[in-house]
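The values are calculated or read from the model by the stated rules, or taken from the named source; none is laboratory data. Everything numeric here is computed off the predicted structure, so don't read it as measured data. Cβ: placed from backbone, ideal geometry, glycine included. Neighbour counts: every protein chain shown. Each accessible area value is taken on the protein alone, full model and side chains, heavy atoms only, with ligands, DNA and RNA left out. Shrake-Rupley method; radii C 1.70, N 1.55, O 1.52, S 1.80 Å.
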Amino acid sequence: MIFFGRCFVRFFSNFGYDDMIKATGRYFCDFLQSVDNIHLQMRYTYRKMKSPSMQVTDIDDNGAILIYRSNRSGFAKYLMGQLLEIAKEIYNLDVKIRVVDSINDSIGGTVGPIELSSKTGLKSVVVKFRLDFDNTEYMQNSLRMKTHPSQVLLKPVTTEMLLELFPFGMILNCEMKIVAAGNNLIESWSSNNDNKHPNELIGSKITKYFKLRRPTGIVFDFSNVTTLQAVLFEIQLIRSKNSASAKGLVRTESGRNFRPINGNTAAGSDDKVVAGPSHDTLEPGMLAFNRRGSQGIKSILLKGEMRYIKDINMLVFLCSPLINNLDEMSEMGLYLNDLNFHGLSREMVFSGFKHYSRLDLMCEREEQRAEELETSLSLADSWKKQGDELLYSMIPRSVADRLRNGQNPLATCSTFEQVTVIFAEVQETSLSNDAIQSAMATVNTLNSAFSAFDELIQSPMAYKVETVGKVYMAVSGAPDENPLHMQTVADLSIQMLDKIKNIGIEGVTVKIGFHSGPVVAGIVGIKVPRYCLFGDTVNTASRMESSSESNRIQVSWNTAKGLKKLGYKLTFRGLVTVKGKGEMETFWLEEGPEIDFDVRKRSSSGFKNKLKNIFN
């Protein structure tokens, strides 16, 4: 996992993300304090990213303490690898990292969530790291900044001015109670809690009306917050279940600011108080402010720093609403006028709007391209299947696969010691006077007969070689070896006779002949390649067919001798003059074996299934 973390840093450096790390600060410690903020900014690009939380608690000359929190276990060493690689490649530092403490982290596994409890909810992984490195330069630079003479000459700034600059900010005392709050924060709180009086916010604990979103896994108290001065906090305003109109409120003449009647506000105003729609008389201590005409449907999320002010021994939350785009702003019930004038909040809203518009457009285009790609892949698969079927109709599957693997076509030429070659010629006795009608009838007859023969061919037991004119040629034992090649072809020839008789076309017969022996087989041709057989066995089988008779099966003497041993019934025909061979003894195949036919058929079927499994 450490090595994987190092590799990931090298990977994202190829896309320029290392420049973002370099921009965080001059020192490695600057990066450690900013890594959590980097994750926050990444949400603009990766909306569904749920990043871990990392905070630096203690810094000294020899290193720092880093607290890692996550809802996934097993990634602590992955983070160590990333930190080691960033320190080495970007800051040229040799860092040693050790785990000081670990909670809920499963060593050697990446599982999560860790545990769900009805009392505590999701339990997070918390790992405390000690990073040892030379940090003296960073500490000296921090010391010089703290003691700079120019800071002594600065005049104090009142809290009223501070909260006027940050209208969503608040001041917290040691008990984490809200001492003062900005105008817009109180107004937003009142809009989301209509059944509460606005003065109830001041003096209440922050956890009563706000929920800490980030950093995760810490206790939201004064001591913890003071140690996390360089961490961005996210606090969510808790919405009231019942949303009704607030009572006893008035608006100012400017229609924007609000203040208590007795003047005890953190951000005062010189506006005169005028009566609201109800014209009720306000009592001292009641707030007057401009109510919104519409309320948001989404809770406001505040992001900023918790700064400790030593002079007053309090925390100041310098924040602004976290808004990604204009839609979120309207959902929160906010307007651009509510955002800080001096900050970048408004620019970020418009920037986020433009960014998401481009991102949505790109996502739509990518989705469209993905759909087109899926359609193209489906068509490609369909075309591939059709191409395979066409290829396998010309070339055996085993030979075609060898050619796809890059073998030379000449290497597919093979010699087979024993195969059985069969020829079957379809004959027509009824002829028409019309030549065209006769040709059409011949085509229909051959299509019916050859299609019936194709149904009988079972690969890899038999292979259809080709059809030439009215002749159908097949072989058993090539290109896939078959020890039962004689039985296969004998059964095939008998079934061919039965098929022709069952077709029911008047005047159509078939004469069949086959012979067994050695052959040479290979691919012939470039434009329309064919798997062809060569040798004397092919010629002899062809002569057995040409010299046969209608609806009869003629076999050679060698083949007949083998079939007789297997129980097939054959009749001696006599001497037949064969071209190129002279006179040969031939036999008629009458029918299959009667004795133990079922047993032989079952064993033959079982052997065929075994062969199919092997070849498949």
Worksheet item: Separation between the ASP132 and ASN62 pseudo-spin-labels, each 7 Å from Cα along Cα→Cβ, expressed in nm?
Response: 0.7
Worksheet, complete the sentence: With label points set 7 Å from each Cα along the Cα-to-Cβ direction at PHE3 and LEU391, the distance between them in nm comes to 3.8
Worksheet item: Excluding ligands and nucleic acids, what accessible area in Å² is computed for GLU164 using a 1.4 Å probe, to the nearest 10?
Response: 120
Worksheet item: Near ASP134, within a Cβ-to-Cβ distance under 12 Å, what is the net charge of the other residues, with Lys and Arg +1 and Asp and Glu -1?
Response: -4
Fill in: Heavy-atom accessible area order for VAL489, VAL508, largest first, 1.4 Å probe
VAL508, VAL489
Item to complete: Order LYS50, LYS579, LYS196, most accessible first, counting only protein heavy atoms with a 1.4 angstrom probe.
Response: LYS50, LYS579, LYS196
Item to complete: Go through TRP189, TRP557 and list them by solvent-accessible area, largest first, probe radius 1.4 Å.
Response: TRP557, TRP189
Discussion item. Suppose the chain between ASP221 and ASN199 were pulled fully straight at 0.36 nm per residue; how much longer would it get relative to their current alpha carbon spacing?
Written reply: 5.6 nm
